[in-house]
Protein chains: 2
Amino acid sequence: MSNKQSTQLKILEAAEQLFAETGFSATSLRQITSLAEVNLASVNYHFGSKKELIQAVLQRYLAVLMPRLDQEFNRLLSAQQPNQLTTVLSVFVEPLLELGQVQPQGTSTFLQLLGRGYTDVQGHLRWFFNHHYGRTLDKFVLLVQQSCPALPASEIFWRLHFSLGTIVFTMASNVALKDIAAADFNETVEIDGVIQRLIPYLAAGIAAPSAA
Amino acid sequence: MSNKQSTQLKILEAAEQLFAETGFSATSLRQITSLAEVNLASVNYHFGSKKELIQAVLQRYLAVLMPRLDQEFNRLLSAQQPNQLTTVLSVFVEPLLELGQVQPQGTSTFLQLLGRGYTDVQGHLRWFFNHHYGRTLDKFVLLVQQSCPALPASEIFWRLHFSLGTIVFTMASNVALKDIAAADFNETVEIDGVIQRLIPYLAAGIAAPSAA
DNA sequence: GTACATTTCAAACAGATGTTTAAATTCGTT
DNA sequence: AACGAATTTAAACATCTGTTTGAAATGTAC
C-alpha cells in the first residue's frame, strides 16, 4: 500500500483533533504535523493550503451527514400532515450519532468542529456551507415552518438562529461543560445525552408563543 | 488638559470596535493603534500588554453593568413569592440598554464583546469573569431555580448554558444576522428588538418540561 | 527659564506563522 | 535492474505578531 493515503490520513486526523480542541486559527500547521509525525511541508503538498485542509476536515463529515439528512427531510416532507416539531428536530439524532462510524468519537468531534467553524473563521466557512448544502437546509426550514404554522417566517428565522447558537456554543464548550456537570452534579454525560437534553429545550423555544 | 487620558481613550475605543468586529486574537495591536492614530508602543505603555487591554475594554462595561444587575437581583430576591421566569430574564433589558450611555452603540458593542470573550479566548476570560462577578451570577441562578421549582438543578444548569450559547452566538453574529433579516424580511431590527425577541424564546426553553 | 517627570516616537527585537524551494528519497512500472 | 514519477525532507523565505528600547518631545512645577 502506498503511504500517500497514510500521510494524508495522519494529517487529517491530527488536524481534526487539534481543530476541535483549540479552534482553526489557534492551531498551527507545526502543531498538526508534529502530532501526525509527518513533515511540515506535506500539508501544503497534499492539501495545498491550511484553508483547504480545514475544508477537507469538515468535508469528511459533511459528505456523510448531509445526504443522510437530506433523505430524512424528504421522508418527512412527503408526509400527509405537518410533522411535530420534536419529530423534525429528532431527525438529526441518528445521522449525527452515525458519524461515530467515520471516526471514533466522530459525533462529538464533528459537532465541536461545527461550533469552531461558526465562531472562529468568519464568513468564509459559512459561505462554503450554504453554497454546498443550502438546498438541504431549506428543506429543514420548510419543515419547521409547516410544524409551526402560527409563527411568521421572520420569527422562525430568528429562532432557528437562536437555536443554532445553542448548538454551536454547547458543542464548542462540550468538554468543559461535561467536566462541570460531572463535578457539580455527579453526572456522567455523553454526547447523545447532551443531544437528548437539547431537543425539548430547542423545541419549546422555537414553538414559543410570539411576544406580540 | 493632559492628553494622557486622550490617548488611553482613543486606544480603548479603537480596540473595542475592532475586538467586537473581528475578535480579540484576530485583532492586532497595529490595527488598533492605526485606527486610533497613536503610536504602536503606547498600548504597552498605558496598558502593559494586549491581555490587559482586553480586560480593560471589558471592565469599562462590566463595572457599570454588574453592580446594576446585582441590585436588580437583590430586589427580586427580596420578593415574598417566586418571580415569573420572564420577570427574572427581563431584568437584564434595562441595564443592558443603559450601556448606551457608556458609549454610543455601547449595548450592541458590549454584547458582541461578550460573545467574542466566550468563543475567542478560552478559559482565561471565563475565569476572570467568574472570579469577579461569580457572586452576582449565583443570585441569578437562584432566581431561576425559584421560578422553576419543578426542574432539577442539573437540568437548569444545562439549560442556562444552552441559553448563554444563544445569547453569545446571536450577539457575536449580530451584524450579519441584522443584514440577513433586513434583506430577507424587510425588517429593521435594532439591538433592543433582538433582546425583546430573545426573552420569550429563552423563557420557553428554560421552563420546558423535562424529557424523562 | 530651568529642572524634572510624563508621554510620544521610530526602530529594532525575538519569536511564530504559512508557504516555497530544491535536493533526497521512495515508489510503481517496465 | 533501471527509469520516471510521486513523495518526503530540511532549510530558507517573507510576513506578521507582541514587546522592548532609548532618544526625542511634551508637559508641569518651581
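Give the angle, between 0 and 90 degrees and rounded to the nearest 10, that separates the Cα long axis of helix B:106-119 from the longest principal axis of the Cα atoms of chain B. The two axes meet at around 80 degrees.
Panel values: the stretch B:74-176, Kirkwood radius from alpha carbon pairs, Stokes-Einstein at 10 °C and 1.306 mPa s, translational diffusion coefficient 105 µm²/s.
Note: relative contact order over chain A, using C-alpha pairs below 8 Å and six or more positions apart, is 23 percent. The angle separating the long axis of helix A:50-77 from the principal Cα axis of greatest extent in chain A is about 30 degrees. Across peptide B:147-158, the average count of Cβ atoms from other chains found within 10 Å of a residue's Cβ is 3.
Take each residue of peptide B:183-196, count the partner chain Cβ atoms within 10 Å of its Cβ, and average: the result is 1.
Length gained on full extension, A:GLU21 to A:GLU52: 9.3 nm, using 0.36 nm per residue less the C-alpha separation. In terms of its Cα atoms, the stretch B:1-77 spans 49, 34, 18 Å along the principal axes, sorted from long to short.
Working note: Karplus 6.51/-1.76/1.60 with θ = phi - 60° gives the stretch A:28-37 the couplings 9, 4, 5, 4, 5, 5, 5, 5, 7, 6 Hz, where Gly and Pro are set to x.
The slack between A:GLN103 and A:SER154, meaning 0.36 nm per residue of separation minus the straight C-alpha distance, is 14.6 nm. Seen against the Cα atoms of chain A and their longest principal axis, helix A:3-22 is set at about 50 degrees.
Any chance you could check the Cα centroid distance between the stretch B:69-83 and the stretch B:151-212 for me, in angstrom? Cα centroid to Cα centroid, the span is 23 Å. In sequence order, the stretch B:185-195 has phi-based couplings of 10, 6, 9, 9, 10, 9, 4, 6, x, 5, 4 Hz under the Karplus curve 6.51 cos²θ - 1.76 cosθ + 1.60, θ = phi - 60°, and Gly or Pro positions carry x. Sequentially through the stretch A:150-161, phi angles give Karplus couplings (6.51, -1.76, 1.60; θ = phi - 60°) of 7, 8, x, 4, 5, 5, 4, 3, 5, 5, 5, 6 Hz, Gly and Pro residues having no value and appearing as x.
A Gaussian network model of chain A, with springs between Cα atoms under 10 Å, assigns the largest mean-square fluctuation among A:ILE156, A:ILE180, A:ILE199 to A:ILE180. Here the spin labels are modelled as points 7 Å beyond Cα on the Cα-Cβ line, and at B:ALA79 and A:ALA79 they lie 3.8 nm apart. Each distinct pair of alpha carbons in the stretch A:37-92 adds a 1/r term; the inverse of their mean, the Kirkwood radius, is 14.1 Å.
Overall shape of chain B was characterised from the C-alpha gyration tensor. The equivalent ellipsoid obtained from it has semi-axes of 33, 20, 16 Å, in decreasing order. Pairing chain B with chain A buries about 3500 Å² of accessible area. This figure sums both sides and uses a 1.4 Å probe. Kirkwood hydrodynamic radius of the protein assembly as shown, from the reciprocal of the average inverse Cα-Cα distance over all distinct pairs: 23.2 Å.
The values are calculated or read from the model by the stated rules, or taken from the named source; none is laboratory data. What you see is a predicted model; the values in this text were computed from it and never measured. Please note: Cβ atoms are built from the backbone with ideal geometry, for glycine as well, and neighbour counts cover all protein chains shown. In case anyone asks, the SASA skips ligands and DNA or RNA and just uses the protein heavy atoms, side chains included. Shrake-Rupley method; radii C 1.70, N 1.55, O 1.52, S 1.80 Å.
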